[in-house]
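Novice: Could you have a look at this structure, given as structure tokens, before my questions?
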Amino acid sequence: MHIKVMTYNIHHGKGLDKKVNLDRICKVIADSNADIIGLNEVDRYYSERSHFQDQMEYLTKELNYFGAFSPSLALQPRKKYLTRQYGNGILSRFPIDAPKSYVFNKRLFGIEDRSILEVTIPLCNKLVHFYVTHLSLNPSLHRQQSEFLITKAKSPAVIIGDWNMKVRSKRWKRVVKVYRDVWDSIDSQDGLTYPAKNPRKRLDYIFVSKDFTILDVQINDSIPIASDHLPFVSTLSL
């Protein structure tokens, strides 16, 4: 079975033109024809910056996907709005089973809380485990979070998200001892995703367990203005 998996930090829909426009995000996803999409920096009733909108609800309805959400931040509501949340999401063409959220709630001044979203999706008569995360910039917290994820993940596993680390760094090498970076199968490309206008770094990753064959990896730069990150899609064979 072949599946197309995407990772995309949507920056709460705020593009390089400083405008929040989820329709552009929808078009990027639709044009990619991805089956399963891991999303970072998604708002749910968060603030005026995203018009107190439930962005996961909007994306699932507009794209006709199944969806799940994991809040990294949960703040007190304002006026009539519900609890204000910000975190990670997943969109899937296939039904999602047993979503779980693991929150790293440090409450340290100036350091953003992080979370991991775990879901299982039945594919090819197997339960495949998908993990979506956006890890800390703080080196110590990043190590704790990445080690938790590596230890927690169950095969067959696909790990998607913004890891805030450099390729070939010590952090990266710890991960690839256990999971494959999908870009390792492509010798002629480097997978740069940030900043979207003139990418110089790869912060976004898809890691897979040995159960998968990596068939293709492509940067999606169809609408680079849509977010401050570029998404990319990998075609996998299970």
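Novice: Is at least one residue of the range 143-150 over 23 Å from ASP31 (Cα atoms) and either exposed (fewer than 14 other Cβ atoms within 10 Å of the Cβ) or free of Cβ contacts under 8 Å to residues at least 12 places away in the same chain (or both)?
Specialist: yes
Novice: I would also like to ask the following. Just give me the residues in the range 166-175 being surrounded by 14 or more Cβ atoms within 10 Å (Cβ to Cβ) and outside any loop (DSSP other than H, G, I, E, B), in sequence order. Steps first, please.
Specialist: Of all residues in the range 166-175, those surrounded by 14 or more Cβ atoms within 10 Å (Cβ to Cβ) come to 167, 171-172, 174-175.
The answer is ARG171, TRP172, ARG174, VAL175.
Novice: Residue check: is LYS100 exposed (fewer than 14 other Cβ atoms within 10 Å of the Cβ) and in a strand (DSSP E or B)?
Specialist: On the way: exposed (fewer than 14 other Cβ atoms within 10 Å of the Cβ): yes; in a strand (DSSP E or B): yes.
Answer is yes for this residue.
Novice: Okay, next question. Residues of the range 157-197 being of a type in the set (Val, Ile, Thr) and more than 16 Å from the chain's Cα centre (by Cα), which ones?
Specialist: Answer for the range 157-197, where residues must be of a type in the set (Val, Ile, Thr) and more than 16 Å from the chain's Cα centre (by Cα): VAL167, VAL175, VAL176, VAL178, ILE186.
Novice: Still on this structure, I have one more. If you scan the range 151-166, which residues turn out to be at positive phi and free of Cβ contacts under 8 Å to residues at least 60 places away in the same chain?
Specialist: ASN164
Novice: Checking ASN198 against (1) surrounded by fewer than 17 Cβ atoms within 10 Å (Cβ to Cβ); (2) of a type in the set (S, T, N, Q); (3) in contact with a Ser or Thr (Cβ under 9 Å, 6 or more places away or on another chain); (4) farther than 14 Å from ILE116 by Cα, which test does it fail?
Specialist: Checking ASN198 against (1) surrounded by fewer than 17 Cβ atoms within 10 Å (Cβ to Cβ); (2) of a type in the set (S, T, N, Q); (3) in contact with a Ser or Thr (Cβ under 9 Å, 6 or more places away or on another chain); (4) farther than 14 Å from ILE116 by Cα, the one that fails is (3).
Novice: So, in the range 182-192, how many residues would count as being part of a loop (DSSP other than H, G, I, E, B) and either touching a residue at least 60 places away in the same chain (Cβ under 8 Å) or surrounded by fewer than 16 Cβ atoms within 10 Å (Cβ to Cβ) (or both)?
Specialist: Of the residues in the range 182-192, 5 are part of a loop (DSSP other than H, G, I, E, B) and either touching a residue at least 60 places away in the same chain (Cβ under 8 Å) or surrounded by fewer than 16 Cβ atoms within 10 Å (Cβ to Cβ) (or both).
Novice: Find all pairs meeting these conditions: Cβ atoms under 6 angstrom apart; at least six residues apart or on different chains; first residue within the range 167-181 and within 15 Å of THR151 (Cα to Cα); second residue among the charged types (D, E, K, R) and at pLDDT below 95.
Specialist: Every condition considered, no pair remains.
Novice: Looking only at residues in the range 122-135 that are surrounded by 23 or more Cβ atoms within 10 Å (Cβ to Cβ) and within 16 Å of the chain's Cα centre (by Cα), which one is farthest from SER72 (Cα to Cα)?
Specialist: So the first thing to find is which residues in the range 122-135 are surrounded by 23 or more Cβ atoms within 10 Å (Cβ to Cβ), and the list is 128, 130-135.
Retained after the next criterion (residues that are within 16 Å of the chain's Cα centre (by Cα)): 130-135.
Values: PHE130: 17, TYR131: 14, VAL132: 12, THR133: 9, HIS134: 9, LEU135: 10 Å.
Checked the range 122-135; the qualifying residue farthest from SER72 (Cα to Cα) is PHE130.
Novice: Another one. Can you name every residue in the range 198-238 that is under 18 Å from the mean Cα position of the chain (by Cα), assigned to a strand (DSSP E or B) and touching a residue at least 60 places away in the same chain (Cβ under 8 Å)?
Specialist: ASP204, TYR205, ILE206, PHE232, VAL233, SER234, THR235, LEU236, listed by residue number.
Novice: Among the residues of the range 42-58, is any part of a strand (DSSP E or B), under 20 Å from VAL208 (Cα atoms) and touching a residue at least 24 places away in the same chain (Cβ under 8 Å)?
Specialist: no
The values are calculated or read from the model by the stated rules, or taken from the named source; none is laboratory data. Source: prediction; values computed, not measured. A quick note on method: Cβ atoms are made from the backbone with ideal geometry, for glycine too, and the neighbour counts reach across all protein chains shown.
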